[in-house]
Each structure stands twice: as C-alpha cells, then as structure tokens.
Amino acid sequence: MKKIISTLVIGLMTAAIFAQVSANDSEKAFKIMESTDNVLAYHGDYSATMSLVIEKPGKPKENLQYKVFQRTDKDLMTIVQLFPEADKGTGYLRDGDNIWSYDPISRKFTHTSMKEALGDSDLKIDDMNQSSERWRKNYKVTGIKEGTLGKYAVNIITLEATNNKPSYTKVTYYVRTDVPLILKEEDFSGSGRLMRTILLPKYTKVPQGYVPTQIIMRDELNKGENTQQVISDLTFDKLPDNIFTKAYLENLN
C-alpha cells in the first residue's frame, strides 16, 4: 500500500512539474498581453462616452451611459454617469490603487474596489484599467498555446491572480497573432467555474491605435444575462487636472 501511495505522490509531483510554464513561455505570454495594451489607442489622456445595454430574461432592456476620463500613465480615472436621469452625477474616482464611488444625493464618497460593477451591468471598473503594468504585478502565467477562434489564428493565454486585486482568480485570453487584439476573455472562479465571457467582435482603427468599439459581456452563472458596451465620442485632448479630483464630481450638480 505504501508503495502504491508513494508512486501516486511521485506521479502527481511529476505532472505538476510538467504542467508548469517555462520562464521563456511566461515571458512570451506577458509580452503578448502587454502588447494588447500597447496596440490600443488608450495612451496618456483620453475621454469617451460609454453606453451600456443590459439584458436580463423577463425584464426590459436597461440603458446606462457614462462619460469616462482617464490618464493612463498616472493611473487616474473619473467616471460620471449621464443616464438614466435618476442616477445622473453618480461617479467613480480612481487614483492609483484607491477607488471611490460618489453618491450625488448624499454628496458622500465611499471607498470601493476595482471589482465593483457599474450599475446592474456585467462591466467592472477593473475592465477599464489600461495600465500595462497590471499583468506582471497581479498575475502569473499558467498556460500559453496556439489555436484558432473563428477565422483568426490566436494565442490562448491563461493567467492566475497572485493577489486579491483582480476581479477573477483565473482568466483566459484569446489574442490574435497578426495584430495583438483580444477577441475573447473567459473569467473563472477559484474553483475553476466559468463566471463570465467577454467577446470583442469589433475594433476601429484610429491614428492613436485600435479601439474596441463593441464589447459583449455574458454572465455565465445567470444564462441569458448580458451587457453590451459601445464606445463613442473618443477624444485624446489633454485633460484638465481638476477632472481627477473629488471636487470635480462634487461640483457637477
């Protein structure tokens, strides 16, 4: 019996060793993920209008609209809700690792996290994080292989969180090999259960880079629930410093 147990232990240890990603493959995966940020238009200052359409079985479609301001090289972001009218002025402010939500009725700020969802949607603040440093700071590579997704050749990269900052414990990305654009993202819980799928079927090329103008987020726990995100009114003008302050949100109403 001891011999059988020892054989099983050795076998499991051997499997674990072979399952590890080599240093070269890990570095390759991180460089690919960093290139998915570099190829996007979001560098330095930008602003955009973000429209969300939320679908839930048995309920009418819900429409949300936000104005997003971001200074990517400083990890600064301000989000202001524009619609519906009842929630107008609700906001979020990010300064590095500090995130606050703002309630215009009580005029109070509440410390929150990147994991918070916008309204009743499947979109989290973390999804709008454009800092390319987040990959190496928050994840380790547990898988990289080549495959296909539709008509595209892709690199399939799996990352696991090394701290509690990411919204999901494990994430798999499908990245085009010709241009490093993410076409699909699968988000998993710590137990390996698929929680959310994100599809990015449409990109637009602008002088500053690529913009994912249509994103579909599918809730895998509640079948039939999904959020569609559409980006418009994108500008890359230098933003005033005061936009990234609590006073800016307080003075909107």
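Give the residue, chosen from Ser121, Ser51, that is assigned to a strand (DSSP E or B), among the polar types (S, T, N, Q) and under 18 Å from Ile198 (Cβ atoms). Before the answer, list the steps.
Values: Ser121 fails: assigned to a strand (DSSP E or B).
None of the others qualify; the one that does is Ser51.
Within the stretch 110-132, residues that are more than 19 Å from Thr72 (Cβ to Cβ) and in contact (Cβ under 8 Å) with a residue 40 or more places away in the chain reach partners that are of a type in the set (Asp, Glu) and open to solvent by less than 30 Å² (accessible area, probe 1.4 Å) with beta carbons closer than 8 Å, at six or more positions or on different chains, in the pairs Asp122/Asp219. Checking each residue of the stretch 126-144 against the condition of being among the polar types (S, T, N, Q) and open to solvent by 70 Å² or more (accessible area, probe 1.4 Å) gives no match.
Please determine, by comparing only the residues of the stretch 124-141 that are assigned to a strand (DSSP E or B) and among the basic types (Lys, Arg), which one is nearest to Val21 (Cα to Cα).
Step one: filter the stretch 124-141 for residues assigned to a strand (DSSP E or B), giving 124, 139-141.
Now narrow it down to the ones that are among the basic types (Lys, Arg): 124, 140.
On the way: Lys124: 29, Lys140: 10 Å.
Top of the filtered list is Lys140.
When Glu160 is tested against (1) without any contact (Cβ under 8 Å) to a residue 60 or more places away in the chain; (2) in a loop (DSSP other than H, G, I, E, B), only condition (2) is not met. Of the residues making up the stretch 231-253, those that are of a type in the set (Phe, Trp, Tyr) and modelled with pLDDT of 95 or more are Phe244, Tyr248.
Results for (1) touching a helix residue (DSSP H, G or I) at 6+ places or on another chain (Cβ under 9 Å); (2) more than 26 Å from Ser101 (Cβ to Cβ), shown as yes or no for each residue.
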{"residue": "Asn164", "(1), (2)": "no, no"}
{"residue": "Lys170", "(1), (2)": "no, yes"}
{"residue": "Ile182", "(1), (2)": "yes, yes"}
{"residue": "Ser189", "(1), (2)": "no, no"}
{"residue": "Arg193", "(1), (2)": "no, yes"}
{"residue": "Lys223", "(1), (2)": "no, yes"}
{"residue": "Lys246", "(1), (2)": "no, no"}
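Every test in (1) under 30 Å from Asp75 (Cα atoms); (2) over 25 Å from the mean Cα position of the chain (by Cα); (3) at pLDDT below 95 is passed by Asn24 save one, and that test is (3). Number of residues in the stretch 60-104 that are within 24 Å of Asp37 (Cα to Cα), surrounded by 19 or more Cβ atoms within 10 Å (Cβ to Cβ) and either basic (Lys, Arg) or without any contact (Cβ under 8 Å) to a residue 24 or more places away in the chain (or both): the value is 2.
All conditions in (1) assigned to a strand (DSSP E or B); (2) over 18 Å from the mean Cα position of the chain (by Cα); (3) on the phi < 0 side of the Ramachandran plot hold for Leu239, with the sole exception of (1).
Of a type outside the set (Lys, Arg) and surrounded by 19 or more Cβ atoms within 10 Å (Cβ to Cβ): which single residue out of Gln229, Gln214, Gln208 fits that description? Spell out the reasoning first.
Working: Gln214 fails: surrounded by 19 or more Cβ atoms within 10 Å (Cβ to Cβ); Gln208 fails: surrounded by 19 or more Cβ atoms within 10 Å (Cβ to Cβ).
When all the criteria are applied, what remains is Gln229.
Please go through the stretch 192-207 and give me each residue that is of a type in the set (S, T, N, Q) and either closer than 27 Å to Glu160 by Cβ or not in a strand (DSSP E or B) (or both), ordered by number.
Of all residues in the stretch 192-207, those of a type in the set (S, T, N, Q) come to 197, 204.
Thr197, the sole residue that qualifies.
Can you tell which of Tyr248, Tyr173 is touching a residue at least 24 places away in the same chain (Cβ under 8 Å), more than 24 Å from Ser121 (Cα to Cα) and buried (at least 18 other Cβ atoms within 10 Å of the Cβ)? Break it down stepwise before answering.
Working: Tyr173 fails: more than 24 Å from Ser121 (Cα to Cα).
So the residue among Tyr248, Tyr173 that is touching a residue at least 24 places away in the same chain (Cβ under 8 Å), more than 24 Å from Ser121 (Cα to Cα) and buried (at least 18 other Cβ atoms within 10 Å of the Cβ) is Tyr248.
Evaluated against (1) closer than 21 Å to Lys165 by Cα; (2) part of a strand (DSSP E or B), Gln214 falls short on exactly one condition, (1).
The values are calculated or read from the model by the stated rules, or taken from the named source; none is laboratory data. Everything numeric in this text was worked out from a predicted model, so none of it was measured. Glycine also receives a Cβ, built like all others from the backbone with ideal geometry; neighbour counts cover every protein chain displayed. Surface accessibility is based on the protein's heavy atoms, side chains included, excluding ligands, DNA and RNA. Shrake-Rupley method; radii C 1.70, N 1.55, O 1.52, S 1.80 Å.
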